[in-house]
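Enquirer: Have a look at this one.
The values are calculated or read from the model by the stated rules, or taken from the named source; none is laboratory data. The model shown is predicted, which means the values in this text are computed figures rather than measured ones. Don't worry about glycine lacking a Cβ; one is built from the backbone with ideal geometry, like all the others, and counts go over all protein chains shown. Calculation scope for accessible area: heavy atoms of the full protein, side chains included, ligands and nucleic acids excluded. Shrake-Rupley method; radii C 1.70, N 1.55, O 1.52, S 1.80 Å.
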Amino acid sequence: MPSKKALIRRPSPKLAEGLVTHIDRAKVDVELAVEQWEAYAEALRAHGWETVEVDPADDCPDSVFVEDTVVMFRNVALIARSGAESRRGETDGVEEAVAALGCSVNWIWAPGTLDGGDVLKIGDTVFVGRGGRTNAAGVQQLRAAFEPLGARVVAVPVNKVLHLKSAVTALPDGTVVGHIPKMDSLTLFPSFLHVPEESGAHVVLLGGDKLLMAASAPKTAALYEDLGYEPVLVDISEFEKLEGCVTCLSVRLRELYA
């Protein structure tokens, strides 16, 4: 049976100081963000996911975006090394958490940089965004870690958004979904669906036909529903002010060994 565990991390009290790169800074309501994070975690649990809370990193404003700290392929955890130096202290607690779950742990080493938000897995194909936070050496090290396990690694240019998964994610059938104005390339994806809202391009596969997605994309939710999926909407407005989306608030571990 596949595993359904999700790493999550409570927002830092310094959340409002988080980095912004491609958008203007807006005031973040930290108390509301904590409420939204709790509702997000509850939505995961309500759909059969066991949440594993990583130790807080209160001195790291962006630490709630736990997906950026590690990339999973089967039972192997690749600890990231962010291109944003201020975020590199976020990995310690995550490394402890994945090791406690029995994962084999590898690391990105200097001069390589890699953010987990730049990695989109569809089956055994691993798309990795080469852009602001992930460099060529990081892509090479990801290849070295995962290709011996059967992965096919495809590098994708990313310039218009923070991470690859800020632009695209994928539906359960493997169709890549994205908002074309935020994309650098369409030709690298074998199957693509344009969605009408930027935040509609971000989905977490909960299992079956259920898609966790932001409440800020009602038109895209209606599109997915028309395609036979069941959108599960969560309000993450405070995290969207920091270029966050539903994918980066958790790390889904689907293939842990029993």
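Enquirer: Any residue that is in contact with a Ser or Thr (Cβ under 6 Å, 6 or more places away or on another chain) and either in a loop (DSSP other than H, G, I, E, B) or crowded, with 16+ Cβ neighbours inside 10 Å (or both) - is there at least one of those in the stretch 35-51?
Expert: Yes; the residues of the stretch 35-51 include at least one that is in contact with a Ser or Thr (Cβ under 6 Å, 6 or more places away or on another chain) and either in a loop (DSSP other than H, G, I, E, B) or crowded, with 16+ Cβ neighbours inside 10 Å (or both).
Enquirer: List pairs: first in the stretch 160-189 and without any contact (Cβ under 8 Å) to a residue 24 or more places away in the chain and of a type in the set (Ser, Thr, Tyr), second assigned to a loop (DSSP other than H, G, I, E, B) and open to solvent by 30 Å² or more (accessible area, probe 1.4 Å), Cβ under 8 Å, 6+ apart or cross-chain?
Expert: Taking only residues 6 or more apart or on different chains, the pairs are 175/191.
Enquirer: Would you call residue 71 open to solvent by less than 80 Å² (accessible area, probe 1.4 Å), among the β-branched types (Val, Ile, Thr), assigned to a strand (DSSP E or B) and in contact with a helix residue (DSSP H, G or I) (Cβ under 7 Å, 6 or more places away or on another chain)?
Expert: Values: open to solvent by less than 80 Å² (accessible area, probe 1.4 Å): yes; among the β-branched types (Val, Ile, Thr): yes; assigned to a strand (DSSP E or B): yes; in contact with a helix residue (DSSP H, G or I) (Cβ under 7 Å, 6 or more places away or on another chain): yes.
Considered against the rule, which asks whether it is open to solvent by less than 80 Å² (accessible area, probe 1.4 Å), among the β-branched types (Val, Ile, Thr), assigned to a strand (DSSP E or B) and in contact with a helix residue (DSSP H, G or I) (Cβ under 7 Å, 6 or more places away or on another chain), residue 71 comes out as yes.
Enquirer: Oh, and also: Count, please, the residues in the stretch 1-56 that happen to be closer than 23 Å to residue 232 by Cα, touching a residue at least 40 places away in the same chain (Cβ under 8 Å) and basic (Lys, Arg).
Expert: The qualifying residues number 4.
Enquirer: Determine which single condition residue 203 fails, assuming it passes every other condition in (1) open to solvent by 30 Å² or more (accessible area, probe 1.4 Å); (2) in contact (Cβ under 8 Å) with a residue 24 or more places away in the chain; (3) of a type in the set (Val, Ile, Thr).
Expert: Tallying (1) open to solvent by 30 Å² or more (accessible area, probe 1.4 Å); (2) in contact (Cβ under 8 Å) with a residue 24 or more places away in the chain; (3) of a type in the set (Val, Ile, Thr), residue 203 fails exactly one: (1).
Enquirer: May I pose another question? Check residue 257 against each of (1) free of Cβ contacts under 8 Å to residues at least 60 places away in the same chain; (2) assigned to a loop (DSSP other than H, G, I, E, B); (3) among the hydroxyl-bearing types (Ser, Thr, Tyr) and name the one condition it does not meet.
Expert: Answer for residue 257: the failing condition is (1).
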